Amino acid sequence: MRAVDMQGLACKRAITSPLCGPCANARSVLATCRPASPAPPPPPPLASPALTVPRWPAPCRARSLRCAVGPSPGPAGPTPSSPDGASSSTNSSSTNSTNNGSANSSGSGAGAAQEDPLSLEAAAATLDVIWGLARRRQVDELLRYFPDSVVDGADELRSAAESDRPLTFRDVVEYGFEIKGFTFDSYAERHLYFAPPAAVTRLSGFRTAPDRCVLRYAVAERQEQEQAGAEEAEEAGAGAAGAAAGGGAGGAGAGERAILTFGLECREMLSPHYRSARIDYVWQVVSVTGEADPAALQQHQLDRRGGGIRSAAAGASAGGAGGAEQQQAAERDDAAEEHPRGPHPCIPPEAVVAAQLAALKADDAATVFAFASPGNQAATGPLERFAALLRNPMYRPLLRHRTAAPYRRKMLSANSYSEVAKVVSDNTGLDNTVEMVYLWELSRQGPAAGPFQGCWMVDGVSLVAAKVLS
C-alpha cells in the first residue's frame, strides 16, 4: 500500500471543533477515511477550550465557556449591575438587597456576607429609599414601590379627562381611600406627599409572615419659623395669653410629630440582567397608617400642667387652705386628661378634631373654643357667645353625645385638612336618637396667627347629614 496523501485526498470531511460557530478563530480538523496502513495517532482530547486554544481573544473564550460549559454569570470580574441597580442614585439602597440576593442564587462571591432579600433589613432599606424620594420631592418614582393592584386601581378611578395624562403618585394619594385592600390615611398623605418630615427614626419592626412585615417610624416636622419673633411675643405676654386660652403654642418651631406604621409584602419581580433576566425580591407598601406621637403629646401636657400647677401653687401660698384645694383639684384634672387642651405645633390635625370631640362630649366649651382659629374666634366669640351657639339645634347633638368616630380624613393641601365624623347622640331635646354627620375644616396657621403659628386649628364645623335612629 502506498502512503496516503493528506493534502490530496478527495474523500475528506470537516469536523467542527466544540467551539461556537460565531468564533472567527474557530478551526477545522480534517479527518480522512481510515487507510490500510496504520493511521497517525489521533490528537489529544480537548480538556478545556481555553487551554487548547490559548491565542483566542477574551470574548471568544467567554462564548466558548457559555456554549461548552453552560450559562455563566458573565466575564471574569465583578457582575454587572442591572439597569435598576446602583447606577441610579435614587434607587441604590433598595436594589442593593436584590442584587445581593441574586448573587447568592448564582453562587458567586462565596465567603462574602450577603444580605437576605427577605430580611427585615432589606425591607428597612426599601423604606429608606422611599423616605429619600419623598424628601427630594421625586414622588412619582414611589409608584414602583406600590403593588400593581394599587396603581391599576388608581388608574381605573380616574375620570375620563384625567386618563389622557400619565398616572402619577398624586393619583394614588387622591384615590387611595377607595382602592380595595389598600390603606393610605391622611397621615400618609401628609408625610409622604404634601409635607415630608425633616427627621425620621425607625422605632420597631417585626415579621407577620415569611413575606410580610410591619415597620414603625417616628417622624418630626421642623417648621422654618423665626424663633426671635416667638420669643419677643412670649416676652410681651402673648405666650401667657395663649396658655390661658389652652396651653399656649410654645415651641412653635418644633413642628408636628407623629408615628407612621408601614405594612410591606415581598413580591417577585422579573428584572433584566446581563444578557438574560432574573427574578428579584422587592418589598412593596400595602398599607400606611399614622397616629399622633404619644411622647410629644405627653410632653405638651406636662408643659401645660407645669404652668397650671405653678399658678395654683402661687394661689395656695397667697390664699391658704382654699388655694391648696384649688391646686389639688388642678392636679387631679391634669392627671385625668387624655387629650390636649389647647393648640400646639406638635399636635396633628386628626388629634385636634379628636380633642374637640372629647371636649364636646364633656360639655367643655372653653377647650372647644381654644382650638378655634383666630378668624373663627373673631366670628363666633367671645367664649360666652360661642357657648350659646353650641346649644342651637344644629350643634346641640355634639354636646354630651354618645359616640363619635371619624368617617373620612383627607389632606386638601399641605396646610389644609378636612375630616368627616359621625356622631350618635340623644341630646336633641326630643325622645329621639340621631346620627349626625359633621365636616371639620382645619388649617395650619401662618405668621399672622402670632403665638399659634404652625398650629393646626379649626376654621369651621358644618352639618352634612342627619338621620333618626330611634
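One table, with the values for the structure above:
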quantity	calculated
Residue among Glu350, Glu384 that alone is of a type in the set (Asp, Glu), outside any strand (DSSP E or B) and closer than 16 Å to Arg444 by Cβ	Glu350
Unmet requirement for Gly429, which otherwise passes all of (1) part of a loop (DSSP other than H, G, I, E, B); (2) within 30 Å of Glu221 (Cα to Cα)	(2)
Any hit, the stretch 107-129, residues being within 28 Å of Ser443 (Cα to Cα) and either in the same structural domain as Arg444 (by TED's automatic domain parsing) or modelled with pLDDT of 95 or more (or both)	no
Check on Pro196, assigned to a loop (DSSP other than H, G, I, E, B), on the phi < 0 side of the Ramachandran plot, at pLDDT 70 or above and not aromatic (Phe, Trp, Tyr)	yes
Enumeration of residues in the stretch 135-179 that are basic (Lys, Arg) and under 20 Å from the mean Cα position of the chain (by Cα)	Arg135, Arg136, Arg137, Arg144, Arg170
Long-range neighbours under 8 Å by Cβ, at least six apart or interchain, first residue touching a residue at least 40 places away in the same chain (Cβ under 8 Å) and under 10 Å from Phe169 (Cβ atoms) within the stretch 139-151, second surrounded by fewer than 17 Cβ atoms within 10 Å (Cβ to Cβ) and of a type in the set (Lys, Arg)	Val139/Arg170
Residue that is surrounded by the fewest Cβ atoms within 10 Å (Cβ to Cβ), among those in the stretch 432-469 that are of a type in the set (Val, Ile, Thr) and in contact (Cβ under 8 Å) with a residue 40 or more places away in the chain	Val464
Per-region count, the stretch 116-167, residues hydrophobic (A, V, I, L, M, F, W, C), under 20 Å from Glu178 (Cβ atoms) and assigned to a loop (DSSP other than H, G, I, E, B)	4
Breaking point among (1) among the basic types (Lys, Arg); (2) in contact (Cβ under 8 Å) with a residue 24 or more places away in the chain; (3) part of a helix (DSSP H, G or I), for Arg400	(3)
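The values are calculated or read from the model by the stated rules, or taken from the named source; none is laboratory data. Just so it is clear, the model here is predicted, and its values are computed rather than measured. Positions of Cβ are generated from backbone atoms using ideal geometry, with glycine treated the same way; all protein chains shown enter the neighbour counts.
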